[in-house]
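> First the structure, which I've put down as structure tokens, then a few questions once you've had a look.
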Amino acid sequence: MSSTSNEGKAAIFDLDGTLLDSMRVWDVMDVKFFAGRGIECPEDFSKSVASMQFHEIAVYVKQRFHFSDTPEELMAIWNRMAAYEYAHNVVPKPHAVAYVRHLYETGAKLAIATTLPPTLREPAMKHAGLAPYVHTVCSTGDGNCRGKEYPDIYLYAARLLGVRPESCTVFEDLLTAVHSAQSAGMQTWAMYDASSEKDWAAMQLIADGTLNDFSDAPSIL
């Protein structure tokens, strides 16, 4: 990679499915969770909850499967399962750490914009080796940010970094998130992930660039 400066630029990264090869963890957890209740994980489950926020998923599961648990109790169970997986088993996408380090060393400001709560994202970033290079981390809900179907979180991350939106590049694996980042006036690079394969053709059409791994990511933002 070139050593040309990225001073005055910022990169805003999604975590799940973009920097981390973590989406399969949730599939494994789904199977384990339902098996623990004597139920086979429905084939349509992952697709049904893909665009939902965490609490919405808990409400959906309670209603669909008629569990006696409250949504809060279901979320607590999933958080305990996920905390172990993210702290021990989640790995970065190929070349992700080297790329993040390159941007950091060439002067870029770096943010994580994620839907993950601190209890999951912090141990995962530490385990993956990403934490030393990230200047700020924000989540949907911080600063009154809505979900990623809106540009709020990307604009919020830019403000935290002190970088203008037009000088920011967003890396995401979800089509709706790419749309939102573009509506904020930011450059976008789409990362392929099996969990969003159905939208990959559309992302290739609208994103400023596409990646299968970070070896092809732009040296200069």
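> Find all pairs meeting these conditions: Cβ atoms under 6 angstrom apart; at least six residues apart or on different chains; first residue within segment 203-215 and under 12 Å from residue 188 (Cβ atoms); second residue in a helix (DSSP H, G or I).
That search, which allows pairs on different chains as well, returns 203/175; 203/178; 207/178; 210/204.
> Can I ask one more? Out of the residues in segment 162-211 meeting the condition of being modelled with pLDDT of 95 or more, in a helix (DSSP H, G or I) and open to solvent by 70 Å² or more (accessible area, probe 1.4 Å), tell me which one is farthest from residue 115 (Cα to Cα).
The residue in question is 205.
> Among the residues of segment 68-89, are any part of a strand (DSSP E or B), buried (at least 21 other Cβ atoms within 10 Å of the Cβ) and modelled with pLDDT of 90 or more?
no
> Of the residues that make up segment 110-117, is at least one open to solvent by less than 40 Å² (accessible area, probe 1.4 Å), closer than 25 Å to residue 37 by Cβ and out of contact with any Ser or Thr (no Cβ under 6 Å at 6 or more places or on another chain)?
Yes; the residues of segment 110-117 include at least one that is open to solvent by less than 40 Å² (accessible area, probe 1.4 Å), closer than 25 Å to residue 37 by Cβ and out of contact with any Ser or Thr (no Cβ under 6 Å at 6 or more places or on another chain).
> Can you list residue pairs whose Cβ atoms sit under 8 Å apart, with the first residue in segment 34-52 being modelled with pLDDT of 90 or more and the second being among the acidic types (Asp, Glu)? Count only pairs 6 or more apart in sequence or on different chains.
Here the result reads 34/40; 41/30; 45/30, each pair linking segment 34-52 to a residue that is among the acidic types (Asp, Glu).
> What tally of residues in segment 17-45 results from selecting those that are of a type in the set (Asp, Glu), exposed (fewer than 13 other Cβ atoms within 10 Å of the Cβ) and either assigned to a helix (DSSP H, G or I) or at positive phi (or both)?
0
> Can you go through 99, 104, 133 and tell me which one is modelled with pLDDT of 95 or more, in contact with a strand residue (DSSP E or B) (Cβ under 7 Å, 6 or more places away or on another chain) and open to solvent by less than 70 Å² (accessible area, probe 1.4 Å)?
133
> Also: Give me a count of the residues in segment 87-128 that are under 19 Å from residue 29 (Cα atoms) and among the hydroxyl-bearing types (Ser, Thr, Tyr).
2
The values are calculated or read from the model by the stated rules, or taken from the named source; none is laboratory data. Keep in mind that what you see is a predicted model, and the values were worked out from it rather than measured. Neighbour counts run over all protein chains shown; Cβ positions are idealised from the backbone, glycine included. Surface areas here come from the heavy atoms of the whole protein model, side chains and all, with no ligands, DNA or RNA. Shrake-Rupley method; radii C 1.70, N 1.55, O 1.52, S 1.80 Å.
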